[in-house]
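Asks: The structure's right below; bear with me while I get my questions together.
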2 protein chains.
Amino acid sequence: MIHDPRTSIIDKRLENVKNIIAIGSGKGGVGKSTFSSLLSLFLNKKGYKVGLLDLDIYGPSTHLILNAEDKTPQEEYGLKPVDINGIEFMSIIYFTQNKPLIMRGKELTDTILEIFAITRWNNLDYLIIDMPPGMGEVLLDLIKFIKNLQFIVITNPTKIAMETVEKLIRFLKESNYPILGLVENMKNKDGTFVKEKCKELNVKYLGHISFYEDIENYYGIPEKLINQNLDKEINQIVSNFT
Amino acid sequence: MIHDPRTSIIDKRLENVKNIIAIGSGKGGVGKSTFSSLLSLFLNKKGYKVGLLDLDIYGPSTHLILNAEDKTPQEEYGLKPVDINGIEFMSIIYFTQNKPLIMRGKELTDTILEIFAITRWNNLDYLIIDMPPGMGEVLLDLIKFIKNLQFIVITNPTKIAMETVEKLIRFLKESNYPILGLVENMKNKDGTFVKEKCKELNVKYLGHISFYEDIENYYGIPEKLINQNLDKEINQIVSNFT
């Protein structure tokens, strides 16, 4: 196998990042981007140095949630992430703009490697990566190129979602990738289905986030996104993996 | 370019299918599988001959919605789709079972081609294809191998979803693929945002489906899935593209 020189560049770019956490689901539409944003905001407020990287190839949206639409990473011996209330933010949207993003495997890998090779993160306690749904190229490439990747898996309380999420968990476990635990998002009624699934799959249940019907109203206003109740819920989740 | 002999086999397998409609979204979690199932059930009830093909590589779920879990396609000079209340049903789940499905581009293409090359549809008025979220390999391959493919695009009423859905629509339009129109799913309040977007993008607004909180209770019971209200809504949508 030919050595890819980008591997060592990427190692160097990430050498001052203490924890790299990929937020994955397998299933789309379960609130992965919202949770990635909330988690970054929360950790930042707690005094941690946080980076957020949006790799949701087919539907990047954290830039909308965090109001980073009009900002641009600056060129400076590489690319400096955008600053959002102290969070270092980078997204595939800056590379693709809003043009339709149709790429085959090889191109996808190249774009992802390019983002990692070019982005200059500062010293970070946490780099949160918002993953695309599905278990395709991006997952395989991340696992290959990023050392010390840890996963938080997110689902909603439905059986249909959990069916797909379970596949991702089984794959990660079979491949011996560390899973910090599972988050149950959009919980709108009592029920222990997800908790029981966690036991069955031997994955830690990190906690839940309630269904907030009006959360969309606060997209674009990051300082108002976390209300008192949400703060408690995320605190619970974070205390279970830090 | 080398001629792929599977192309002509696929043409032959589909020669008695009058309309091939791909249900796509770009965005996950907007109810694509539910809509594909409901549409198939409705058209079947109206007397059309209907096939449903689930190609949602990373999260096939129509087999759960339609209670086809315990059935298996039968080998007979190819594979005969499963019969569900008169609908001819085929899913990628029969090829992958519930194992985690991690495939690179080339393997994905091969699996899709295999399904098309092997499945023996009868004479069909409509073949409905439930697409995966995103705009990756599956979309590119379908477009390449399946002639006369038409698209129905589905979204929910949120701006975040529409942002991604818009990319799919722009891609399809730029590539001159026919879009029958857009369906607004999970509509839970008044609002004309999606309708206005349709005007802006020059795509037909086919209609909406309300947010039915209890629809999950009817997954697995296809004969009870379409209630009176849903029947009206789907009728409206279908009347706009037939």
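The values are calculated or read from the model by the stated rules, or taken from the named source; none is laboratory data. Predicted model only: the values in this text are computed from it and were never measured. In this analysis, Cβ positions are derived from the backbone assuming ideal geometry, glycine residues included, and neighbour counts consider all displayed protein chains. The protein model used for the area step is the full one, side chains on, heavy atoms only, and it has no ligands, DNA or RNA in it. Shrake-Rupley method; radii C 1.70, N 1.55, O 1.52, S 1.80 Å.
Asks: What part of the accessible area of segment A:129-200, given as a whole %, is carbon or sulfur when the probe is 1.4 angstrom?
Replies: 49 percent
Asks: Follow-up question, since we're still on this one. Just how many % of Cα pairs in segment A:6-239 lie over 24 Å apart, if you round to the nearest whole percent?
Replies: 41 percent
Asks: Further question: Send over a whole-number figure in Å² for the accessible area per residue of the protein assembly as shown, probe 1.4 Å.
Replies: Value for the protein assembly as shown: 44 Å² per residue.
Asks: Among B:Ser8, B:Ile92, B:Asn67, flag the residue with its Cα farthest along the positive direction of the charge dipole of segment B:6-239, charges on Cβ as +1 for Lys/Arg and -1 for Asp/Glu.
Replies: Of the options given, the answer is B:Ser8.
Asks: Report the net charge of residues surrounding B:Gly220, where surrounding means a beta-carbon distance below 13 angstrom and charges are Lys +1, Arg +1, Asp -1, Glu -1.
Replies: -2
Asks: If you put +1 on each Lys and Arg Cβ and -1 on each Asp and Glu Cβ, how big is the dipole of chain B around its Cα centre, in Debye rounded to 20?
Replies: Magnitude of the dipole: close to 640 debye.
Asks: Hey, how much of the P(r) for the protein assembly as shown falls beyond 41 Å, as a percent of Cα pairs?
Replies: 16 percent
Asks: What is the set of long-range amide H partners of A:Tyr205 at a cut-off below 5 Å, with H atoms built 1.01 Å from backbone N?
Replies: Placed amide hydrogens put A:Leu182 under 5 Å from A:Tyr205.
Asks: Something else now. Taking square-rooted eigenvalues a ≥ b ≥ c of the alpha carbon gyration tensor, is segment A:1-142 rounded, prolate or oblate, where a/c under 1.5 means rounded and, failing that, a/b exceeding b/c means prolate?
Replies: rounded
Asks: If you count only protein heavy atoms and use a 1.4 Å probe, how large is the accessible surface of A:Val238, to the nearest 10 Å²?
Replies: For A:Val238, the solvent-accessible surface is approximately 10 Å².
Asks: Can you work out the FRET efficiency for the pair B:Glu216 and A:Asp231, with r the C-beta to C-beta distance and R0 = 25 Å, to the nearest 0.05?
Replies: 0.30
Asks: While we're here: For A:Asp130, what charge total do you get from the other residues with a beta carbon under 9 Å from its beta carbon, if Lys and Arg give +1 and Asp and Glu give -1?
Replies: Around A:Asp130, the surrounding residues sum to -1.
Asks: So for the pair B:Thr7, A:Asp190, with labels modelled 7 Å out along Cα→Cβ, what separation do we get in nm?
Replies: 6.1 nm
Asks: Which shape class applies to segment B:32-96: rounded if a/c is under 1.5, otherwise prolate when a/b exceeds b/c and oblate if not, where a ≥ b ≥ c are the square roots of the Cα gyration tensor eigenvalues?
Replies: Oblate, because a/c is 1.5 or more while a/b does not exceed b/c.
Asks: Here's another thing I want to ask about it. Which listed residue (A:Leu127, A:Thr34, A:Tyr77) has the Cα farthest towards the positive end of the charge dipole for segment A:6-239, taking +1 on Lys and Arg C-beta and -1 on Asp and Glu C-beta about the Cα centre?
Replies: Going by the Cα projections, it comes out as A:Leu127.
Asks: Using a probe radius of 1.4 Å on protein heavy atoms only, what is the accessible area buried between chains B and A, both sides summed, to the nearest 100 Å²?
Replies: Roughly 3300 Å² of accessible surface disappears when B and A pair.
Asks: Just want to confirm a number: the relative contact order over chain B, from Cα pairs under 8 angstrom separated by 6+ residues, in percent.
Replies: RCO, chain B: 27 percent.
Asks: For segment A:40-54 and segment B:30-70, compute the distance between their C-alpha centroids and round to whole Å.
Replies: After rounding, the separation between the Cα centres reads 41 Å.
Asks: Based on the Cβ-Cβ distance from B:Tyr177 to B:Asp125, what FRET efficiency comes out when R0 is 25 Å, to the nearest 0.05?
Replies: About 0.75, to the nearest 0.05.
Asks: How many angstrom separate the Cα center of segment A:183-230 from the Cα center of segment B:146-217?
Replies: 27 Å
Asks: Can I ask one more? If packing is taken as the mean number of other Cβ atoms within 10 Å per residue, what is the order of A:110-116, A:125-131, highest first?
Replies: A:125-131, A:110-116
Asks: What's the magnitude of the charge dipole for the protein assembly as shown around its Cα centre, counting Lys and Arg as +1 and Asp and Glu as -1 at the beta-carbon? Answer in Debye, nearest 20.
Replies: With Lys and Arg at +1 and Asp and Glu at -1, about 100 debye.
Asks: Still on this model: Under 13 Å from the Cβ of A:Ser239, count the other residues' Cβ atoms, weight Lys and Arg +1, Asp and Glu -1, and hand me the total.
Replies: +1
Asks: Measuring label to label, 7 Å along Cα→Cβ, what does A:Lys195 give against each other copy in nm, shortest first?
Replies: 4.5
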